[in-house]
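What follows is a short report on a single structure.
Here, each number is a calculation from the coordinates, and none is a lab measurement. As the structure is a prediction and not an experimental result, all values here were calculated from the model. Here the Cβ positions follow ideal geometry from the backbone for every residue, glycine too, while neighbour counts run over all protein chains shown.
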There are 2 protein chains.
Amino acid sequence: MKYSKATDYALHTMLFLAAATPLKPVGVQQLAERQNVSPTYLSKILTKLVKAGMIESITGVRGGYRLRRDWESISFLDIIHAIEGSASLFDCSFEHGPECLIQKVVLSAEEKMEEHLRNQKMSDLVRDMNIVM
Amino acid sequence: MKYSKATDYALHTMLFLAAATPLKPVGVQQLAERQNVSPTYLSKILTKLVKAGMIESITGVRGGYRLRRDWESISFLDIIHAIEGSASLFDCSFEHGPECLIQKVVLSAEEKMEEHLRNQKMSDLVRDMNIVM
DNA sequence: ATATTATAGATATGTGAAGTCCTTGATGGA
DNA sequence: TCCATCAAGGACTTCACATATCTATAATAT
């Protein structure tokens, strides 16, 4: 079980945008070079963040991606859910009574993880940052 | 990101063995039928639990699988690690300084989840159980 | 107008999960 | 001693999904 590379790219891009440029849009070309990934692919990933309302895209010359005004409240969990989806990480496939004890345990463990990811905002990280990305 | 079905099968099998039969070995045929999975496939999964030292297998007539003596200390995390491996669920693929802040956040979130899974023993569940598996 | 830039559809390619089949080897009972 | 029963394990198939790439389209600043 692993988080996808797409999530990795999304998190790093968000952190870069937050740290470097709250103002001007940054082209996908530049973002992709930094992370050694193809621009087209990164673009598909960032489009998900656009649709989730975290960043906005500006088409045309001098365009690119930019954080939205309310970016300071964006958490790790928000970004991860935008890329990976929000399905829980365990589904009991066995048919027994109304509830599965195993499922309950695993889901409550997952909730602990999500709580931590929900409390960590991108903006917290920018504050501590000396090494960029 | 999801836990595999194999993990689901392993957890349910362990719970069943713990609840039903601390004594006599149970054949994979019977275990597989309960979970609606092929015996050969389940066998491969259970072999991992054998190698991890959680259960033992008895070959030959009247054989099967049985919990080991110290089964009461086995946690959810033990079982999950035996099946999924122990690799962390996030690897930063970007080359920057000595440590990645994003990685640190995700790994500490993972640690919260693992802590919960480590504290939950199979034997705790058996105690609360009225619906079997 | 033109160069630049994001969006989106179609299309590989690779990897791992999930499952099957068959052979080997161990063991209790007749 | 032989046989029926059982787990172990290697080889293989199938399928879904992640990870891309390529191309066409649409928007926009200069």
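Using Cβ point charges alone (K and R +1, D and E -1), the dipole size of the stretch A:85-132 about the Cα centre works out to roughly 240 debye. Averaging 1/r over every pair of different alpha carbons in the protein assembly as shown and inverting the result gives a Kirkwood radius of 20.8 Å. Distances between copies of B:Ser88, taken at a point 7 Å out from Cα along the Cα→Cβ vector and listed shortest first: 2.7 nm.
For peptide B:9-19, the mean count of partner chain Cβ atoms within 10 Å of a residue's Cβ comes to 2.
Using alpha-carbon positions, what is the distance between the centroids of the stretch A:68-133 and the stretch B:67-108, in Å? About 16 Å separates the Cα centre of the stretch A:68-133 from the one of the stretch B:67-108. In this assembly of identical copies, the label point of B:Gln30 (Cα plus 7 Å along Cα-to-Cβ) is separated from its counterparts by 6.8 nm, sorted shortest first. Calculate for chain A the 222 nm mean residue ellipticity that helices alone would give, adding -39,500 (n - 2.57) per DSSP H run of length 4 or more and normalising by residue count, nearest 500 deg cm²/dmol. Calculated from helices alone, the mean residue ellipticity at 222 nm is -17000 deg cm²/dmol. Each copy carries a label point for B:Lys5 at 7 Å from Cα toward Cβ; from one copy, the others' points are 2.7 nm away, ordered from shortest.
Projected label points at B:Arg62 and B:Asp91, each 7 Å from Cα along the beta carbon direction, are separated by 4.8 nanometres.
For chain B, the Cβ-based charge dipole about the Cα centre amounts to some 760 debye (Lys, Arg positive; Asp, Glu negative; other atoms uncharged). Taking every residue in A:102-108 and counting other chain Cβ atoms within 10 Å of its Cβ, the average works out to 6. In plain terms, the bigger the Kirkwood radius, the slower the diffusion; for the stretch A:62-133, with that radius from Cα pairs, at 25 °C and 0.890 mPa s, Stokes-Einstein puts D at 163 µm²/s.
Multiplying the residue separation of B:Ala19 and B:Met1 by 0.36 nm and subtracting their alpha-carbon distance yields 3.5 nm. Across the options B:Phe76, B:Asn119, A:Gly27, the greatest Cα extent toward the positive end of the charge dipole of the protein assembly as shown (unit charges at beta carbon of Lys, Arg, Asp, Glu) belongs to A:Gly27. For B:Lys2, the residues whose amide H sits under 5 Å from its own are A:Lys2, ignoring neighbours fewer than 5 places away on the same chain, with H placed 1.01 Å from N.
Among the listed pairs A:Lys24/B:Lys104; A:Lys5/A:Lys48; B:Lys24/B:Lys121; A:Lys112/B:Lys104; A:Lys2/A:Lys104; B:Lys5/B:Lys104, those with a Cα-Cα distance over 19 Å are A:Lys24/B:Lys104; B:Lys24/B:Lys121; A:Lys2/A:Lys104; B:Lys5/B:Lys104.
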